[in-house]
1. If you take the residues in the stretch 310-338 that are closer than 30 Å to His211 by Cβ and touching a helix residue (DSSP H, G or I) at 6+ places or on another chain (Cβ under 6 Å), which one is farthest from the ligand (Cβ to nearest atom)?
2. Could you say whether any residue in the stretch 43-65 is modelled with pLDDT under 95, more than 15 Å from the ligand (Cβ to nearest atom) and surrounded by fewer than 18 Cβ atoms within 10 Å (Cβ to Cβ)?
3. In the set Phe312, Phe268, which member is crowded, with 17+ Cβ neighbours inside 10 Å, in contact with a Gly (Cβ under 8 Å, 6 or more places away or on another chain) and of a type in the set (Phe, Trp, Tyr)?
4. Checking the structure you have, find out if any residue of the stretch 67-76 is part of a loop (DSSP other than H, G, I, E, B), surrounded by 15 or more Cβ atoms within 10 Å (Cβ to Cβ) and within 16 Å of the ligand (Cβ to nearest atom).
5. Would you confirm whether or not the stretch 160-173 contains a residue that is of a type in the set (Gly, Ala, Ser), surrounded by fewer than 23 Cβ atoms within 10 Å (Cβ to Cβ) and at pLDDT 95 or above?
6. Got at least one residue in the stretch 204-212 being within 20 Å of Leu134 (Cα to Cα), within 13 Å of the ligand (Cβ to nearest atom) and of a type outside the set (A, V, I, L, M, F, W, C)?
7. Does Lys282 satisfy being without any contact (Cβ under 8 Å) to a residue 60 or more places away in the chain, surrounded by fewer than 17 Cβ atoms within 10 Å (Cβ to Cβ) and assigned to a strand (DSSP E or B)?
8. Can you go through Ala138, Ala165, Ala153, Ala171 and tell me which one is more than 15 Å from the ligand (Cβ to nearest atom), within 20 Å of the chain's Cα centre (by Cα), not assigned by TED's automatic domain parsing to the domain that holds Phe363 and not basic (Lys, Arg)?
Amino acid sequence: MRAKRVSSTRTPIYRDAGFLLGDIPTMKQAFADEHNHPHSPNSYIYSRYRNPNVVAAEEMIMEMENAQWSLLTQSGMAAIDVALSVFQTKENTGKWLFFTEIYGGTNSFIDKVLINRRGIDIIRFAPEGDDYSLVHYANMLETHKPSVVFFEAISNPMLITVDGAEIISLAKKHGARVIVDNTFATPMLWQPLNDGADIVIHSATKYMAGHGNLSAGVVSGNDPELAKQAIEYRKWVGHMLSPDEAYRLEDMLKTFKLRFTQHCTNAFAIARCLYSHPMVEKVLYPGLPSHPTHTNAIKMLGDKGYGAIVTFDIKGKDWAEKEKRCKRFIEVLSNQIPLVPTLGDADTILMPIEAVWGDKFPFPGMIRLSVGIEDEAKLVSSIKSALEQL
Ligand code: PLP
C-alpha cells in the first residue's frame, strides 16, 4: 500500500535530480521558461539548475536582504566565485580593486585563481594604520579606474568597520561595480544593496546557518541582468546547494534574527568586561568608542548591534609572558570555550590570532572570540574567572 501524502508547514525535501515534466509540450515549455525567466521559471527541470528547497531558503534571504534575487551556493567561497565571475568576460575585464582586510581564503582565491590562473589585473587597497583612508581610495579609483570593487563590511580579526555607503558611492562615481562580503555584519545590521551595492555575498555557513554544522553561501542583488549571469554561472560550474542543506538552512533562517540579536548582546557585554579588566591590554570591538573605526560603525550599523566577534590582547611584560598567559587562558577555558577554526556558531569559540595569521598579526597574547548565544552572565563570568587565574 502506498503511504498517504501529508501536508507540512515545511517545504518537503525534494531530492530529485530531475523533475517530472509529463509530456513533450510541458518539457518544451519548461526549457523555454528556464531560458526566458531564469530566476523564476514556472517549473523545475533539474536540481543543479533550481530546486524547491533551495528556492524556499533563497526567498527568505531575499526578504532579509531586501533583494530582488538571491542564489544559494554550497559554500561562501562558491558565492564569491559566482559574484566575481559574472564580471569576467573574454573581452578585457579591466582592473579589479580589492580591499586588503578581507577573509584569508578570499585573498588566496585572488592570488591562486584570479591572478595565477585567470590572469586578472588586480589592485589592492590597504588601510593606513587602523582605518582605510577614503581620500587615498578616491585617488586609487581615479588613477586605476577599476571595473569592480570588493570589500568586507567588518574585517577579520581586527574588526575594521568601513564607511560602506561612502565606499560604494565613490566606486559608482568612477563607474565601478561593487561587491560586498557582508558575512560579519549580516543583513540585520547592514543591507548593502540599499546603499547601492551591485552584489552582496555571505558565507551562510556563519550566522545565517548559525550552528557550525552547515556549509553554504549566498549571492544577492537587484539587477536582473546580473541575476541572469549569476544563474548561468552557478548552473554551468555546478555551485548549487543541495536540497538537504537548503531544507536545514530554511529552518535555521527562521531563528536568525533572534540568534544574531543575542550574539551581538553577548559580544558587547564581553567587550565591556574585557575593556575594564586589568589583565587585558587592548580590546577590539566596533561598538566600543575606543575602536579606531567606531565612528564608521555608528554610521553604518546605527544602534542595531556591532557584530559578534571580539578580539583582545592579554597583558604581559614581554612576548614570552603574553604567549604563556594566552596558552593558560585557553587551557583554563577549554571545557567551556573550545578552540575551533570557524566563527558564527551558536557556541562561543576562540582562536589564538598568531597561530592562524602568523606574520600578518604576530601578537602572541591576542585572541579572537566568536561569541555565541549562551547565557550572557555565565559567559562573562567564565571569561572573568579565566582571566583571574592568569
Ligand atoms: N567570507 C568571510 C568573511 C568568511 O569569514 C569566510 C569563511 O570563513 C568566507 C567568506 C568563506 O565562506 P565558506 O567557509 O562558507 O566557504
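The values are calculated or read from the model by the stated rules, or taken from the named source; none is laboratory data. What you are looking at is a predicted structure, and each value in this text was computed from that prediction instead of being measured. Ideal geometry is used to build each Cβ from the backbone, glycine not excepted, and the neighbour counts take in all protein chains shown.
1. For the stretch 310-338, the residue satisfying everything is Val332.
2. Yes - at least one qualifying residue is present in the stretch 43-65.
3. On the way: Phe312 fails: in contact with a Gly (Cβ under 8 Å, 6 or more places away or on another chain).
The conditions single out Phe268.
4. Scanning the stretch 67-76, I find at least one residue that is part of a loop (DSSP other than H, G, I, E, B), surrounded by 15 or more Cβ atoms within 10 Å (Cβ to Cβ) and within 16 Å of the ligand (Cβ to nearest atom), so the answer is yes.
5. Yes; the residues of the stretch 160-173 include at least one that is of a type in the set (Gly, Ala, Ser), surrounded by fewer than 23 Cβ atoms within 10 Å (Cβ to Cβ) and at pLDDT 95 or above.
6. No, the stretch 204-212 has no match at all.
7. Against the criterion (without any contact (Cβ under 8 Å) to a residue 60 or more places away in the chain, surrounded by fewer than 17 Cβ atoms within 10 Å (Cβ to Cβ) and assigned to a strand (DSSP E or B)), Lys282 qualifies.
8. On the way: Ala138 fails: within 20 Å of the chain's Cα centre (by Cα); Ala153 fails: more than 15 Å from the ligand (Cβ to nearest atom); Ala171 fails: within 20 Å of the chain's Cα centre (by Cα).
Among Ala138, Ala165, Ala153, Ala171, only Ala165 is more than 15 Å from the ligand (Cβ to nearest atom), within 20 Å of the chain's Cα centre (by Cα), not assigned by TED's automatic domain parsing to the domain that holds Phe363 and not basic (Lys, Arg).
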